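Step one of this worksheet: look at the structure below.
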Amino acid sequence: MFTLNTRGRIVLLVVLAALPALVFTVHGTWDERARAEAHARQDLKRLVTLAAHQQAQIIEGARQTLVAISLVPHVVLNDATRCNGYLAKLLEQSTGTYHSMGIYGPDNVLFCNALPWEGKVFSPDRLYVSLARSSGKFSIGEYQLGRVTKQQGINFGFPLADAAGKITGVAFVAVNLDNLNRMAAATPLPPRGILTVVDRDGLVLARKPATAARVGQKLRVPGVIEALRSGKSGVFRAIGTDGVDRLFAHDIVAENPEGPIPIRILVSLPLNVVFAEANRAFVRNLIGIVVATVVLLGAAWYGAEIFVLRKTRALLSAASRVRAGDLTARTGLRYDGEELSQVGEAFDEMAHALQHRDAELKQAMQDMQEQAITDPLTGLLNRRYLREYLPRELARARRNGQSLAFIMVDLDYFKRVNDTLGHEAGDIVLREFGALLRGQIRGSDVACRFGGEEFALVLPEASLEGARQKTESVRASVKKLELKYRDQPIGRITASFGVALFPDHADDADSLMRVADEALYHAKGGGRDQVVIGGTAADSAPQAS
């Protein structure tokens, strides 16, 4: 059967498409539009990041102001009159940055303020107050009308603590939204671009071009609100409030210790502005080749799809999957001798060879890793693994507020077995003792051969009494071992144990091991075959068998 090769197919396409300029024009236009959108996305990302950093300066200024207030001596902050005077001076020096600042006491009642107020002002419903109290950190509220000033703003809170660290109140500053709008106005925007600063609920805090009527109003496009809540930053397309398809970029200005993002910034640009130059170039070229377009679209589109693109896409798809790590990817092309088919066959053979080599390499790496952390005689984990594992497990126990037991074990008179029966008999004892340990511990516990006849156990989430009982169980089981070497009894096997508990006896890995080792030393010095708890003398006496 005659098979047209790739060169012949290209020649056929050239013959059928006498005027290929349209394809190049259309393709070039779409490429240009894609590049224009990609560049616009990058520019909007940089612009929104810059704008977020600029707005963040106001928030950082508020945080520093609150930190300064928290450092004022308690003799001033606890005296309402002196506190009011201090805050009034601080507000005057802020030159319009804030329209209010004050302190809420432990009962969530306004204690002092830079401005005079009447009656009791309560704050438990204010987000920045509750967050500052619960987290003990700088917190950001939402758009609000001040209860004292009746002005639009956004408040920031900072916990005040006494000498014992107990939170006694929350200091706050109310940022004037004019500052956010001035910062937004100073941000350079492309033609017809819009910059919007919103709070956690999508309420507008600032806008460029400035529209006073929009401040305090919620964003009116649900798709935009959903996109904002889908991540911390990003670029997306959506229809704006003006009904125009726009490109949006958003980023966070600041974060709270917990909960939703409190302040975001959003920059948008109409797509017709993004594509303006590409569209103009397309129209210019289209006018010159309109007659050739019909022929070119029919010949190039269907011919390229049938003869070239389908196989090319199959090759590119398989290549992308292999590049991403999927070595099972195959082109699925029929091997019929045509050039692209030959490329596909060669690619599939290469992918198969890579898959086979990858499997061998993974197996070899797995074997090497297991050998590196496993004692070959007992099958237990080795000392190297223990040195890496124990600090990690202690860190986890410290985070979760849990205890952890570390037990050192030494086989009593083991040298006597090697000296009388030989090292092969000693290896039998070590193997059987390792098997006994594996059978005695939980799935979460770890048993290691520490070296020679020394072993170690790590019991996460174990109490001191639980560790003692587990150790006594192991000790009793060891005495029941009846081992033989060449039909000759090896004799009675016993072991000594030293137990240390985190955090009662030590707070780090080396100290915990040292306490357990000292307890083991006392166990051996006190007659062996016993359990000694670290840091105790009473437990050094032998336990009942």
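The label point for Asp487 and the one for Ala372, both projected 7 Å from the Cα toward the Cβ, are 4.7 nm apart.
Summing Lys and Arg as +1 and Asp and Glu as -1 over all other residues whose Cβ lies under 12 Å from the Cβ of Thr49 gives a net charge of +1.
When both segment 401-426 and segment 484-522 are represented by their alpha-carbon centers, they are found 8 Å apart. Using heavy atoms of the protein chains and a probe of 1.4 Å, the accessible area assigned to Glu37 is about 30 Å². Under the simplified labelling scheme, the Arg280-Arg399 pair shows an inter-label distance of 5.6 nm, with each label point 7 Å from Cα along Cα→Cβ.
Packing-based ranking of 22-32, 275-285 yields 22-32, 275-285, ordered from highest to lowest mean Cβ neighbour count within 10 Å. The 1.4 Å probe gives accessible areas that order Met513, Met350, largest first, as Met350, Met513. Adding -39500 (n - 2.57) for every DSSP H run of four residues or longer, then dividing by how many residues the chain holds, sets the calculated 222 nm ellipticity at -15500 deg cm²/dmol.
When only C-alpha pairs under 8 Å and at least 6 residues apart count, what is the relative contact order of the chain, in percent? Dividing the mean separation by the residue count of the chain yields 11 percent.
Once each part is reduced to its C-alpha centroid, what is the distance from segment 232-255 to segment 317-343 in angstrom? Taking the Cα centre of segment 317-343 as reference, the centre of segment 232-255 is 39 Å away. Multiplying the residue separation of Lys480 and Arg46 by 0.36 nm and removing their Cα-Cα distance gives an extension gain of 149.0 nm.
Model label points for Gln54 and Val75, set 7 angstrom from Cα along the Cα-to-Cβ axis, are 4.6 nm apart. For the peptides 231-237, 244-250, 324-330, the ranking by mean Cβ contacts within 10 Å, running from highest to lowest, is 244-250, 231-237, 324-330.
With the cut-off at under 20 Å, measuring from each backbone N in segment 133-163 to a point 7 Å along the Cα-to-Cβ line of Thr241 picks out 142-145, 152-154.
Listed values for segment 166-171 are Karplus-derived 3J(HN,Hα) couplings in whole Hz (6.51 cos²θ - 1.76 cosθ + 1.60, θ = phi - 60°), namely 7, 6, 10, x, 9, 8, and x replaces Gly and Pro. Of the solvent-accessible surface of the chain, computed with a 1.4 Å probe and all protein chains present, 56% belongs to carbon and sulfur. For segment 514-522, putting each phi into the Karplus relation 6.51 cos²θ - 1.76 cosθ + 1.60 with θ = phi - 60° gives couplings of 5, 5, 5, 5, 5, 5, 5, 4, 5 Hz, in residue order, rounded to whole numbers and with x for Gly and Pro.
By its C-alpha gyration tensor, with a ≥ b ≥ c as the square roots of the eigenvalues, how is the chain shaped: rounded for a/c under 1.5, else prolate for a/b larger than b/c, else oblate? Oblate.
Estimated at the nearest 10 Å², the accessible area of Leu377 is 40 Å² with a 1.4 Å probe.
In this calculation the C-beta distance from Glu472 to Ser135 is compared with R0 = 35 Å, giving a FRET efficiency of 0.20.
Between Asp326 and His27, the contour length at 0.36 nm per residue exceeds the alpha carbon distance by 104.6 nm. Ligands, DNA and RNA aside, Leu464 has an accessible area near 60 Å² when probed at 1.4 Å. If R0 is taken as 60 Å, the Cβ-Cβ distance between Ala88 and Asp508 corresponds to a FRET efficiency of 0.70. For the pair Asp427 and Glu465 in one chain, pulling the backbone fully straight at 0.36 nm per residue adds 10.5 nm over the alpha carbon distance.
Find which of Gly325, Thr420, Leu315 sits farthest along the positive direction of the dipole of the chain, computed with +1 on the beta-carbon of Lys and Arg, -1 on that of Asp and Glu, about the Cα centre. It is Leu315. Distant-in-sequence amide contacts of Ala495, defined by a placed amide H-H separation under 5 Å and a gap of 5 or more residues or a different chain, comprise Asp412, Asp529.
Taking Cβ separations below 4.7 Å as the criterion for a possible disulfide partner, the isolated cysteines in the chain are Cys448.
The values are calculated or read from the model by the stated rules, or taken from the named source; none is laboratory data. Because the structure is predicted, anything quoted here is derived from the model rather than measured. For neighbour counting, all protein chains shown are included, and Cβ atoms are generated from backbone atoms with ideal geometry for every residue, glycine included. Only protein heavy atoms, including side chains, enter the accessible area calculation; ligands, DNA and RNA are left aside. Shrake-Rupley method; radii C 1.70, N 1.55, O 1.52, S 1.80 Å.
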